[in-house]
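The values are calculated or read from the model by the stated rules, or taken from the named source; none is laboratory data. Quick caveat: nothing in here was measured; it's all calculated off a predicted structure. Backbone-built Cβ (ideal geometry, glycine too); neighbour counts: all protein chains shown. These accessible areas exclude ligands, DNA and RNA; they are computed on the full protein's heavy atoms, side chains included. Shrake-Rupley method; radii C 1.70, N 1.55, O 1.52, S 1.80 Å.
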Amino acid sequence: MSIKLRRALLAVLAFVATYTGGWAYFAPENWYANFPGFGLSWLPQLGPYNMHLAMDDGAMFLAMAVLSLFAIRYAHNMLVVQITEGPRVFRTGF
């Protein structure tokens, strides 16, 4: 994979994480009621609204955005990219 492609994919991940994380952290009730958007609502079926859970998820997504931005800076080092994006793979397993 080329460095440019790697950086572009990491930028997409950083954007999505920033958008979702900012939404969940700064408007947790709205995020809980409307995530993932586009007329869908996945979270209310899982139980009652929990502000602590929503804000924690937002903080986690914002942390993933920071790690993605760090990986963009060091995209030439595949080990750094794997280490910084590893938690994202772990998170998607749930």
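Ordering 45-54, 2-11 by mean Cβ neighbour count within 10 Å, with the highest value first, yields 2-11, 45-54. Multiplying the residue separation of H52 and R73 by 0.36 nm and subtracting their alpha-carbon distance yields 4.4 nm. Could you check how much of the accessible area of the chain is carbon and sulfur, as a whole percent, using a 1.4 Å probe? Carbon with sulfur: 72 percent of the solvent-accessible area. Helical content alone sets the calculated 222 nm signal of the chain at -24500 deg cm²/dmol, taking -39,500 (n - 2.57) per DSSP H segment of four or more residues and averaging over every residue.
Against the chain, whose longest principal axis comes from its Cα atoms, helix 78-91 is set at around 20 degrees.
Kindly identify the chain as rounded, prolate or oblate by the Cα gyration tensor criterion: order the square roots of the eigenvalues as a ≥ b ≥ c, call it rounded if a/c is under 1.5, otherwise compare a/b with b/c, prolate if a/b is larger, else oblate. Note, shape of the chain comes out prolate.
For the chain, the longest principal axis of the alpha carbon atoms and the long axis of helix 51-73 meet at an angle near 10°.
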